Amino acid sequence: MKQNIVAILLGSLAFAPVAQSAEFTSIQTDKSNLNFVYTQMNVPMDGHFRKFSAQLSFDPARLSAARAVIDLDLASIDAGSDEANDEVAGKEWFNTKTFPQARFVSTGFKALGGNRYEVSGKMSIKGRTQNVSAPFTFSPQGNAAIVDGAFVLKRADFAIGEGSWADFGTVANEIQIKFHFLAGSGK
């Protein structure tokens with residue numbers, strides 16, 4: 001009798017759901033967004049980028065192997081009006097003719113507890129590269145996951161807004177970058 005109970009318990013364990021981590025390998029850019037908030041003459045302004053691509057390899061159980069690369073089409077900026085879009089594409093701002101893309105390449109990930117993580121990496125804009133870190137939440141939902149985070153970028157570090165725009169009283173140096181990604185596991 002004792003052997004039958006042990007056999008039944010072991011047999012039932014074989015069918016119990018096993019918690020597995022999954023590797024998320026793609027970002028659905030059509031269901032994701034990259035937004036920013038800046039202050040112009042003490043008034044908060046919102047904008048976003050319409051085009052970007054991403055490469056991803058993220059498994060919360062294997063953070064040492066995680067990586068992310070994001071390429072951002074700077075000419076796809078929407079700063080609120082056609083006039084503003086033309087201005088920020090110009091030489092004093094993003095200079096999109098010479099530097100059409102910005103790029104983020106991760107150098108490491110770390111767990112912050114719960115579903116919170118931090119990614120560190122190199123951000124390159126206008127031929128200048130700086131270290132940045134961004135905290136984010138990672139919320140798996142089956143074969144997908146929601147990734148939400150934000151960080152502050154200092155525009156002077158990348159020569160964004162030169163010449164008459166260099167005065168931080170007109171446009172603040174700090175630009176908040178917000179991201180919302182829908183990641184897929186490919187399963």
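The values are calculated or read from the model by the stated rules, or taken from the named source; none is laboratory data. Remember, it's a predicted structure, so these values are computed and weren't measured experimentally. Glycine also receives a Cβ, built like all others from the backbone with ideal geometry; neighbour counts cover every protein chain displayed.
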Restricting segment 27-62 to residues that are among the hydroxyl-bearing types (S, T, Y) and not in a helix (DSSP H, G or I), the one farthest from F109 (Cα to Cα) turns out to be T39
For segment 59-76, how many residues are of a type in the set (S, T, N, Q) and in contact with a Gly (Cβ under 9 Å, 6 or more places away or on another chain)? 1
Take segment 63-89 and flag every residue that is modelled with pLDDT under 95 and in a loop (DSSP other than H, G, I, E, B). A79, G80, S81
With respect to F158, is the statement that it is at pLDDT 95 or above and over 21 Å from N95 (Cα atoms) true? no
Here are the criteria: (1) basic (K, R); (2) part of a strand (DSSP E or B); (3) more than 20 Å from F24 (Cα to Cα). Tell me which single one K97 does not satisfy. (2)
Take the conditions exposed (fewer than 15 other Cβ atoms within 10 Å of the Cβ), at pLDDT below 90, more than 30 Å from D82 (Cβ to Cβ) and small (G, A, S) and apply them to A7. Does it pass? yes
Residue set S106, S76; condition hydroxyl-bearing (S, T, Y) and either free of Cβ contacts under 8 Å to residues at least 12 places away in the same chain or farther than 18 Å from F151 by Cβ (or both); output residue S76
Inside segment 55-82, the number of residues satisfying the requirement of being in contact with a Pro (Cβ under 7 Å, 6 or more places away or on another chain) and exposed (fewer than 15 other Cβ atoms within 10 Å of the Cβ) is 0
Exception for M41 within (1) surrounded by fewer than 17 Cβ atoms within 10 Å (Cβ to Cβ); (2) under 14 Å from the mean Cα position of the chain (by Cα) falls at (2)
Would you check if S185 is at pLDDT below 95 and either crowded, with 19+ Cβ neighbours inside 10 Å or under 23 Å from T29 (Cβ atoms) (or both)? yes
Would you confirm whether or not segment 105-115 contains a residue that is surrounded by 17 or more Cβ atoms within 10 Å (Cβ to Cβ), under 19 Å from L182 (Cα atoms) and at pLDDT 95 or above? yes
Can you name the number of the only condition in (1) farther than 22 Å from D167 by Cα; (2) surrounded by fewer than 17 Cβ atoms within 10 Å (Cβ to Cβ) that G90 fails? (1)
Those residues that are assigned to a loop (DSSP other than H, G, I, E, B), surrounded by 19 or more Cβ atoms within 10 Å (Cβ to Cβ) and of a type outside the set (G, A, S), I need them from segment 127-181; list them, please. I160
